[in-house]
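**Student:** Take a look at the following structure, please.
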Amino acid sequence: DVFFLMIRRPPRSTQSRSSAASDVYKRQGLVITEKEQKEAAQLIQDDIEGSREERMFRMWINSLGIDGVYINNLYEDLRDGIVLLKVMEKVEPNSVDWANVELQANNKFKKLNNSNYAVTVGKELGFTLVGISGSDILDANRKFILALVWQIMRKHVLEIIGGWNEEKLLQWVNSRCKHHKISSFKDPSLASCQILFELLSTIEPTVINWSIVSKGQSDEDIDNNAKYVISCAQKLGASIFLLWEDIKNVRPKMILSFVATLARIVQDEGLDDS
């Protein structure tokens, strides 16, 4: 006798990202546990966020104007350690001793030597690199590469506004904004963009058409506000490395970089009264 395993598909209205992630198992006639569904959903979410960070870091590196450097794929293009060291040197001049670098990294040993040295330089710059080794860079380990590059980018965006730390940048935002405050760059209220609009208005009051700004109470309003606040920042000449979804979902790394570019504009224009 032939038996068929029938699996009832949940109503469309109750399907979630986790159920979508398990479709492949269902097609194979397998049943996965709720825990496995959650783990699969988390993997999808991690991949989405990792892709957004990769995009932001890639755009940032390409904006630095380093001779001979243009990133198409963050993970693959950093594997030999050379580009990573060039980025570190750009952010912190004289941090790299090029006598220790294999500029013709045409084999795995030389690439590993460069990658190990990049980790050493990172530690000398004060980065937290626990558990990260050169082999992780050589193997294009996404998690560790994102962790390292973020620390380089954070150092850069804070250095160009006077060597501030995140706390001082946060204080700067709250000091300029009288009607809205945030407790951190993870503050859920950032999704509505109210404080970002107010911050922009302190830089250039006419850049915002308040008639199309909403309070951000519905999903549609939140989406529209996030798109518009980026548009307004671009009008001021801000370097934008994030997407509107990053604001909507309050991704702190992206928002910090966004706010730091606004602080740089204020300083360049001599508008900083903080």
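The values are calculated or read from the model by the stated rules, or taken from the named source; none is laboratory data. All values reported here derive from a predicted model rather than from experimental measurement. Here the Cβ positions follow ideal geometry from the backbone for every residue, glycine too, while neighbour counts run over all protein chains shown. All accessible areas refer to the heavy atoms of the entire protein, side chains included, with ligands and DNA or RNA removed. Shrake-Rupley method; radii C 1.70, N 1.55, O 1.52, S 1.80 Å.
**Student:** Would you please classify the overall shape of segment 69-120 from the alpha carbon gyration tensor, given that a ≥ b ≥ c denote the square roots of the eigenvalues, rounded means a/c under 1.5, and beyond that prolate means a/b larger than b/c while oblate covers the rest?
**Tutor:** Taking the square roots of the gyration eigenvalues as a ≥ b ≥ c, segment 69-120 is oblate.
**Student:** In square angstrom, rounded to the nearest 10, how much accessible surface does residue 167 have for a 1.4 Å probe?
**Tutor:** Only protein atoms counted, so the area is about 120 Å².
**Student:** For residue 220, what accessible area in Å² do you get when you roll a 1.4 Å probe over the heavy atoms of the protein chains, rounding to the nearest 10?
**Tutor:** Probe radius 1.4 Å; accessible area of residue 220 about 130 Å².
**Student:** Report D for segment 140-274 in µm² per second (integer): Stokes-Einstein, Kirkwood Rh on Cα pairs, 20 °C, 1.002 mPa s.
**Tutor:** Taking Rh from Cα pairs, D becomes 141 µm²/s.
**Student:** Ok, one more. Compute the FRET efficiency between residue 236 and residue 133 as 1/(1 + (r/R0)^6), taking r as their Cβ-Cβ distance and R0 = 41 Å, and round to the nearest 0.05.
**Tutor:** Taking R0 as 41 Å, the efficiency between residue 236 and residue 133 is 0.50.
**Student:** Another question, then. Taking θ as phi - 60°, what are the ³J(HN,Hα) couplings along segment 249-259 by the Karplus curve (6.51, -1.76, 1.60), each to the nearest whole Hz, with x for Gly and Pro?
**Tutor:** 8, 6, 8, x, 4, 5, 5, 4, 5, 5, 5
**Student:** Okay, next question. Could you give the dipole magnitude of segment 131-274 about its Cα centre, charging the beta-carbon of Lys and Arg +1 and that of Asp and Glu -1, in debye to the nearest 20?
**Tutor:** The calculation lands at about 200 debye.
**Student:** Using 19 Å as the Cα-Cα cut-off, could you pick out the over-long pairs in 111/253; 181/215; 155/253; 143/253; 215/253?
**Tutor:** Correct reply: 111/253; 215/253.
**Student:** Report, ordered by chain and residue number, the lysines lying within cross-link reach of residue 108, taken as a straight Cα distance under 20 Å and ignoring same-chain residues fewer than 8 apart.
**Tutor:** Answer for residue 108, where 20 Å is the Cα cut-off: 86, listed by chain and number.
**Student:** Given a 1.4 angstrom probe, what's the average accessible area per residue across segment 191-235, in square angstrom?
**Tutor:** 48 Å²
**Student:** Roughly how many percent of the accessible protein surface of segment 114-174 is carbon and sulfur, given a 1.4 Å probe and a whole-percent answer?
**Tutor:** 47 percent
**Student:** Between the DSSP loop rule and a limit of at most 16 other Cβ atoms within 10 Å, which trypsin sites (Lys or Arg not before Pro) in segment 120-189 are left?
**Tutor:** The qualifying sites are 178, 181, 186.
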